[in-house]
Amino acid sequence: MDRRIFGIETEYGLNCTHEGQRTLSPDEVARLMFRSVVAWGRSSNVFLPNGARLYLDVGNHPEYATAECDTMVDLLAQDRAGEQLMTSLVDEARTQMAEQELVGSIYLFKNNLDSAGNSYGCHENYLISREGDLGRLADSLVPFLISRQIICGAGRLARNADESVSYHVSQRADVMWEGTSSATTRSRPMINTRDEPHADAELFRRLHVIVGDSNLAQSSTLLKVGSTDLVLRLLEAGESVPDLTPVSAPKAIRAISRDPGARVAVPLTDGRHLTATQLQREFFERAAAMVARTGAATAHDETVLELWDRVLTAIETDRADDVAADVDWILKRRLLTRYCERHGLELGDARLAQLDLAYHDIEPRRGLFALTEARGGATRQVSDTQIATAHTHPPATTRAAMRGAFVSAALAYLRDYSVDWTHLRLNDGAGRTVLCKDPFAAQDDRVDRLIAAATSSAPATSEMI
């Protein structure tokens with residue numbers, strides 16, 4: 001598909017402490033955060049005027065799912081707008097705590113592990129055609145996903161069985177148990193095959209990738225999604241790709257995560273042994289050749305290829321710090337290493353564990369990544385203006401444009417309404433629902449009539465819609 005719909009779902013970690021002790025449970029803090037949301041949306045599961053979805057997931061994880069995006073600019077802006085929205089909800093919760101004389105500091109983390117080792121996800125969604133063999137596509141994609149962490153992992157300090165501490169590339173690698181499966185928690189796969197297209201099921205599928213880390217660096221998100229899109233297009237076009245199937249997908253992804261130097265070669269079923277960068281080079285070279293031969297299909301193809309090549313080259317030549325501004329795991333490792341050197345500490349020191357977590361704190365005045373980016377230490381791919389626009393405006397070229405316009409109109413005129421990814425309904429007695437099955441359609445006369453009914457002083461009738 002030369003034009004594709006993308007989306008990112010991010011679950012956030014939540015904590016509230018005072019002098020090192022928890023004062024409010026995540027459930028209590030989440031309720032405070034979502035009080036205003038429930039007030040206007042009558043639920044903790046709402047769709048926003050920018051087309052995105054905001055809700056509380058299992059385990060009281062605040063979650064933000066971007067609207068349907070068909071450009072990297074929209075996706076990156078929507079993703080960062082979600083971070084800022086979460087920050088504003090935390091500010092509201094702090095105000096309520098002060099009014100109720102509750103003690104504690106709220107922390108919201110864009111990461112994938114809590115202090116007990118429980119994992120929560122960052123899920124990527126890619127629209128693909130219903131035609132073709134999903135099993136073959138997924139099998140070919142798994143080796144790419146196993147090795148992709150080396151170019152966009154979030155990094156973490158991990159305590160080993162002997163109580164020593166080492167640095168891992170990925171936060172999600174250790175909780176992956178299969179390449180593909182319809183399960184999500186019982187046996188976490190890298191690709192979830194549950195068939196929920198949120199579109200015309202005769203035409204489309206939704207490829208649900210749940211192996212990736214939550215990224216703060218915009219370049220890491222760009223590389224994560226952009227490289228995956230290129231590999232998908234390569235596979236969809238029937239391009240020749242060698243069999244890179246690992247002997248064991250779970251063992252391979254863990255081995256690569258534990259090897260920041262990308263020197264460990266994982267065994268493949270054909271007898272070869274390849275490192276993470278060698279696996280990535282197999283996909284990069286074919287994707288680059290496809291773009292050179294057919295031309296760039298998206299505005300960001302050349303940017304993604306240049307960044308992909310530059311990151312791989314830096315790691316291959318033991319110069320990973322050259323791309324620290326673009327890759328979360330490399331930037332975090334450099335910050336932790338410099339702190340160790342400055343204070344004469346080992347990785348196992350408790351202060352390093354605090355810094356590891358602080359990297360993911362999305363509070364702009366406190367988060368280690370946020371402060372580093374503000375000082376120019378992380379590459380920006382979208383501007384503050386583009387992010388501000390994404391707070392209130394959905395992507396203009398996808399179905400999200402209609403959803404956002406309808407939600408905005410219904411809220412402005414205090415109308416009772418219902419919305420999900422494919423349905424728009426005005427609950428005023430007419431009983432008419434507009435089904436939007438084409439995620440590429442940004443305009444529909446039926447939706448225009450529904451919005452007109454929402455903004456009219458007279459109740460809607462089925463004839464009006």
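The values are calculated or read from the model by the stated rules, or taken from the named source; none is laboratory data. Please read these numbers as outputs of a predicted model, since none were measured by experiment. As a convention, Cβ positions derive from the backbone with ideal geometry for all residues, glycine included, and neighbour counts pool all protein chains shown. Heavy atoms of the whole protein, side chains included, go into the accessibility calculation; ligands, DNA and RNA do not. Shrake-Rupley method; radii C 1.70, N 1.55, O 1.52, S 1.80 Å.
Filter the stretch 244-292 down to the residues that are assigned to a helix (DSSP H, G or I), without any contact (Cβ under 8 Å) to a residue 40 or more places away in the chain and among the basic types (Lys, Arg) and list them by number. Passing the criteria: 251, 281.
Selection of the stretch 88-125 for residues being over 12 Å from the mean Cα position of the chain (by Cα), buried (at least 18 other Cβ atoms within 10 Å of the Cβ) and among the hydroxyl-bearing types (Ser, Thr, Tyr) yields only 107. The criterion of at least 3 residues that are closer than 30 Å to residue 297 by Cβ and in contact with a strand residue (DSSP E or B) (Cβ under 6 Å, 6 or more places away or on another chain) is met by the following strands (runs of 3 or more DSSP E) wholly inside the stretch 44-140: 122-129.
Of everything in the stretch 389-406 that is among the small types (Gly, Ala, Ser) and free of Cβ contacts under 8 Å to residues at least 60 places away in the same chain, the residue that is least open to solvent (accessible area, probe 1.4 Å) is 405.
Right, residue 448: among the charged types (D, E, K, R) and outside any loop (DSSP other than H, G, I, E, B) or not? Yes; evaluated as a whole, the condition is true for this residue.
Does residue 310 meet the test of being in a helix (DSSP H, G or I), in contact with a helix residue (DSSP H, G or I) (Cβ under 9 Å, 6 or more places away or on another chain) and among the charged types (D, E, K, R)? Against the criterion (in a helix (DSSP H, G or I), in contact with a helix residue (DSSP H, G or I) (Cβ under 9 Å, 6 or more places away or on another chain) and among the charged types (D, E, K, R)), residue 310 qualifies. Against the condition closer than 30 Å to residue 351 by Cβ and modelled with pLDDT of 95 or more, how does residue 172 come out, does it pass? Spelling it out, residue 172 is indeed closer than 30 Å to residue 351 by Cβ and modelled with pLDDT of 95 or more. Residue count for the stretch 211-242, restricted to those that are open to solvent by 10 Å² or more (accessible area, probe 1.4 Å), at pLDDT 95 or above and of a type in the set (Gly, Ala, Ser): 0.
Among the residues making up the stretch 406-442, those that are part of a loop (DSSP other than H, G, I, E, B), within 24 Å of residue 129 (Cα to Cα) and not aliphatic (A, V, I, L, M) are 420, 421, 422, 436, 437, 438, 439, 440. Residues in the stretch 189-210 that are open to solvent by less than 50 Å² (accessible area, probe 1.4 Å) and either within 26 Å of residue 245 (Cα to Cα) or not in a loop (DSSP other than H, G, I, E, B) (or both): 12 in all. Only residues that are open to solvent by 80 Å² or more (accessible area, probe 1.4 Å) and either closer than 22 Å to residue 240 by Cβ or touching a strand residue (DSSP E or B) at 6+ places or on another chain (Cβ under 9 Å) (or both) were counted in the stretch 279-319, giving 4.
Could you check the stretch 250-278 and list, in sequence order, the residues that are under 23 Å from the mean Cα position of the chain (by Cα) and open to solvent by less than 20 Å² (accessible area, probe 1.4 Å)? Residues satisfying the conditions are 252, 253, 256, 257, 276, 277.
Filtering the stretch 407-441 to residues that are surrounded by 14 or more Cβ atoms within 10 Å (Cβ to Cβ) and without any contact (Cβ under 8 Å) to a residue 24 or more places away in the chain leaves 425, 433.
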